[in-house]
Structure formats: C-alpha cells, structure tokens
Amino acid sequence: MAKFVIQGGNKLTGEVQIGGFKNSALPLLAATLLTDEECTLTNVPDILDVRNFLEIMRGLGSQFEFENHTVKIRTLNLNTSCPDDALSKSMRASVLFLGALLGRAGEVCMPIPGGDAIGSRPIDVHLRGFEYLGAAVDTGGKLTVKGQKLKGRKLFAESSVTGTENLVLAAVGAEGTTTIALAAEEPHVTALCEFLNKMGASISGVGTHSLKIVGVKKLGGASFEVIPD
C-alpha cells in the first residue's frame with residue numbers, strides 16, 4: 001500500500017493563491033440571468049465546467065467576457081428559455097437554470113440535468129418547491145416548468161444544496177414572502193444569497209437553515225468575488 005512519510009520541523013515560506021470554488025461560481029453565474037444589467041464576478045475558476053456553463057448561457061442570450069478569472073456578463077434579452085440539450089445533459093449543475101429561468105422568463109424547458117432520473121437524486125425537492133410557488137411541472141419527455149406569476153409560500157429544501165439554491169433563485173422575484181425551512185447552509189449557498197442581496201433581493205436568515213425571502217420586482221447588476229475552494 002502506497003503511503004506518504006512526512007518529516008516535520010521545517011519552516012514553511014511562500015504564498016499560495018487559492019482558486020475560486022466551482023460550486024459557488026456556477027450558481028452565481030445562474031443568478032446573473034435574473035437581471036438585464038451587467039454583473040462582474042471575480043476569482044472565477046477557469047475550468048471546463050465553468051466554460052460549458054457559460055456556453056449554455058451564451059445560447060440563452062448572455063454576452064460575456066472571461067479573462068484573468070473575471071467574468072463580466074450581461075443578459076439584456078433572452079433568446080430562449082430552453083438551455084442547450086447536449087451541454088445540459090453533460091453537467092449536473094445545469095439544474096440551476098431551472099430556478100434562474102423560471103425567475104427571469106416564467107418558464108424553462110430542458111432535459112433532465114446531468115441525466116439524473118427524477119427521484120434518484122433530490123431534484124424532486126426542486127420540482128415540488130416550484131409547484132408550491134405556483135408553477136406547473138411536466139416531466140414527460142423534456143422537463144418543463146411554467147409559472148408566470150409565482151407566489152411566496154413556505155417551502156422545505158430538505159438540506160439539499162442545489163435545491164436550496166434553485167428555490168432561492170425562483171423565489172426572489174415571487175410575489176409576497178417565501179420561507180425556506182431546512183435550507184442548506186453551506187458557504188456557497190450563503191454566497192449566492194449575499195450576491196442576490198447585492199443585486200437588490202431581500203433575503204434574511206442568510207447562513208442559517210431558515211431563509212426568509214420577500215419578493216422584489218427587479219434586480220440590478222452587482223459585483224462579487226467567488227469564494228475560495
């Protein structure tokens with residue numbers, strides 16, 4: 001069995017730059033779809049998943065520049081509310097387009113993200129939450145979610161990280177107040193809520209298992225640094 005033998009007692013010097021956390025960068029990028037103004041994200045990891053996520057957004061109508069780990073992105077108008085099939089199937093994080101596009105366009109149509117079957121992973125938490133907000137969900141063939149006038153309700157995220165993120169993305173523009181119980185409190189969930197608040201959302205309880213979201217009519221552009229990995 002291979003092993004490492006480490007002899008201590010030596011002084012460490014130098015600096016290490018900690019890259020941005022992919023699982024934070026992707027929901028932050030999805031959140032930029034909720035405004036027609038420009039957003040800037042720094043410390044974005046330059047990896048394939050981020051590049052593919054941005055390509056999906058390009059197909060939706062986003063215009064962006066990605067250089068030196070900084071993304072400047074704006075989605076003035078949506079070309080479609082149906083993300084690219086092939087790219088969506090290739091990555092589980094494409095599930096985040098459900099909440100973002102439902103919030104921006106009132107509808108979204110896409111294959112089951114990452115090829116996950118309904119019920120095998122907690123995507124049912126996302127869909128049930130959308131239904132509670134007033135959306136209609138159709139899982140026959142492609143996954144279709146429609147809800148032009150979402151209304152705040154009490155939701156249960158069952159500690160699902162992407163479930164919490166998706167419900168937050170959908171609820172920030174819903175009429176009235178939404179509470180999310182059993183919300184995930186991972187750092188990247190907190191970062192998403194903080195970014196949305198900078199954009200003009202009204203989310204309290206950030207960093208806890210209970211989120212309160214008062215819907216707003218419009219979000220604006222903002223700048224944010226992706227948390228380190």
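Condition test on V95, is it β-branched (V, I, T), under 26 Å from R153 (Cβ atoms) and either at pLDDT 95 or above or surrounded by fewer than 24 Cβ atoms within 10 Å (Cβ to Cβ) (or both)?
Values: β-branched (V, I, T): yes; under 26 Å from R153 (Cβ atoms): yes; either at pLDDT 95 or above or surrounded by fewer than 24 Cβ atoms within 10 Å (Cβ to Cβ) (or both): yes.
Taking the combined requirement at face value, the residue satisfies it.
In region 110-149, which residue that is assigned to a strand (DSSP E or B) and at pLDDT below 90 is surrounded by the fewest Cβ atoms within 10 Å (Cβ to Cβ)?
Here is the first cut: in region 110-149, the ones assigned to a strand (DSSP E or B) are 110, 118, 121, 136-138, 143-146.
Among the residues that remain, those that are also at pLDDT below 90 are: 118, 121.
Numbers: I118: 12, R121: 18.
Among them, the one singled out is I118.
Quick check: anything in region 61-70 of a type outside the set (D, E), within 26 Å of G103 (Cα to Cα), in contact (Cβ under 8 Å) with a residue 24 or more places away in the chain and out of contact with any Cys (no Cβ under 8 Å at 6 or more places or on another chain)? Spell out how you get there, then give the answer.
Looking only at region 61-70, we keep the residues that are of a type outside the set (D, E), and these are 61-64, 66, 68-70.
With the extra rule that they be within 26 Å of G103 (Cα to Cα), the set shrinks to 61-64, 66, 70.
Right, trim to in contact (Cβ under 8 Å) with a residue 24 or more places away in the chain and you get 62, 70.
With out of contact with any Cys (no Cβ under 8 Å at 6 or more places or on another chain) added as a condition, the list becomes 62, 70.
Yes, region 61-70 contains a residue that is of a type outside the set (D, E), within 26 Å of G103 (Cα to Cα), in contact (Cβ under 8 Å) with a residue 24 or more places away in the chain and out of contact with any Cys (no Cβ under 8 Å at 6 or more places or on another chain).
Would you check if T164 is touching a residue at least 40 places away in the same chain (Cβ under 8 Å), surrounded by 15 or more Cβ atoms within 10 Å (Cβ to Cβ) and either within 27 Å of L76 (Cα to Cα) or touching a Gly at 6+ places or on another chain (Cβ under 7 Å) (or both)?
Numbers: touching a residue at least 40 places away in the same chain (Cβ under 8 Å): yes; surrounded by 15 or more Cβ atoms within 10 Å (Cβ to Cβ): yes; either within 27 Å of L76 (Cα to Cα) or touching a Gly at 6+ places or on another chain (Cβ under 7 Å) (or both): yes.
Yes, satisfied.
Please find, among L196, L169, L155, the residue that is over 16 Å from A30 (Cβ atoms) and surrounded by 23 or more Cβ atoms within 10 Å (Cβ to Cβ).
Values: L196 fails: over 16 Å from A30 (Cβ atoms); L169 fails: over 16 Å from A30 (Cβ atoms).
That would be L155, the only listed residue that is over 16 Å from A30 (Cβ atoms) and surrounded by 23 or more Cβ atoms within 10 Å (Cβ to Cβ).
Per-residue answers, yes or no, for (1) in a helix (DSSP H, G or I); (2) more than 23 Å from T40 (Cα to Cα):
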site	(1), (2)
N166	yes, no
G173	no, no
T179	no, yes
C193	yes, no
K198	yes, no
V206	no, no
I213	no, yes
L219	no, no
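If you scan region 182-229, which residues turn out to be out of contact with any strand residue (DSSP E or B) (no Cβ under 8 Å at 6 or more places or on another chain) and farther than 20 Å from E38 by Cα? Please lay out each step first, then the result.
At the first step, the residues of region 182-229 found to be out of contact with any strand residue (DSSP E or B) (no Cβ under 8 Å at 6 or more places or on another chain) are 184-190, 192, 200, 206-208, 217-220.
Answer for region 182-229, where residues must be out of contact with any strand residue (DSSP E or B) (no Cβ under 8 Å at 6 or more places or on another chain) and farther than 20 Å from E38 by Cα: A184, E185, E186, P187, H188, V189, T190, V206, G207, T208.
Pick from S81, S24, S94, S88: which is closer than 15 Å to V226 by Cα and either in a helix (DSSP H, G or I) or touching a Leu at 6+ places or on another chain (Cβ under 7 Å) (or both)? Even if it seems obvious, please write down each step before you answer.
Working: S81 fails: closer than 15 Å to V226 by Cα; S94 fails: closer than 15 Å to V226 by Cα; S88 fails: closer than 15 Å to V226 by Cα.
That would be S24, the only listed residue that is closer than 15 Å to V226 by Cα and either in a helix (DSSP H, G or I) or touching a Leu at 6+ places or on another chain (Cβ under 7 Å) (or both).
Quick check on A31: is it touching a residue at least 40 places away in the same chain (Cβ under 8 Å), within 14 Å of V145 (Cβ to Cβ) and part of a helix (DSSP H, G or I)?
Working: touching a residue at least 40 places away in the same chain (Cβ under 8 Å): yes; within 14 Å of V145 (Cβ to Cβ): no; part of a helix (DSSP H, G or I): yes.
Spelling it out, it is not the case that A31 is touching a residue at least 40 places away in the same chain (Cβ under 8 Å), within 14 Å of V145 (Cβ to Cβ) and part of a helix (DSSP H, G or I).
Considering only residues of region 160-176 that are touching a helix residue (DSSP H, G or I) at 6+ places or on another chain (Cβ under 9 Å) and of a type outside the set (A, V, I, L, M), which is nearest to R92 (Cα to Cα)? Break it down into steps so the answer makes sense when it comes.
Taking region 160-176 and keeping what is touching a helix residue (DSSP H, G or I) at 6+ places or on another chain (Cβ under 9 Å), we get 160-174.
Imposing the further condition that a residue be of a type outside the set (A, V, I, L, M) reduces the set to 160, 162-166, 173.
Details: S160: 14, T162: 10, G163: 12, T164: 15, E165: 14, N166: 13, G173: 24 Å.
Top of the filtered list is T162.
Identify the residue in region 81-101 that is in contact with a strand residue (DSSP E or B) (Cβ under 9 Å, 6 or more places away or on another chain) and polar (S, T, N, Q) and, among all such residues, is farthest from V168 (Cα to Cα).
In this case the residue turns out to be S88.
Please specify each residue of region 15-40 satisfying the condition of being of a type in the set (F, W, Y) and crowded, with 24+ Cβ neighbours inside 10 Å.
The initial filter retains those residues of region 15-40 that are of a type in the set (F, W, Y), namely 21.
Passing the criteria: none in range.
Could you count how many residues in region 118-172 are in contact with a His (Cβ under 9 Å, 6 or more places away or on another chain) and basic (K, R)?
0
The values are calculated or read from the model by the stated rules, or taken from the named source; none is laboratory data. Here the structure is a predicted model, which means the values were calculated and not measured. Cβ coordinates were reconstructed from backbone atoms using ideal geometry, including for glycine residues, and neighbour counts include every protein chain displayed.
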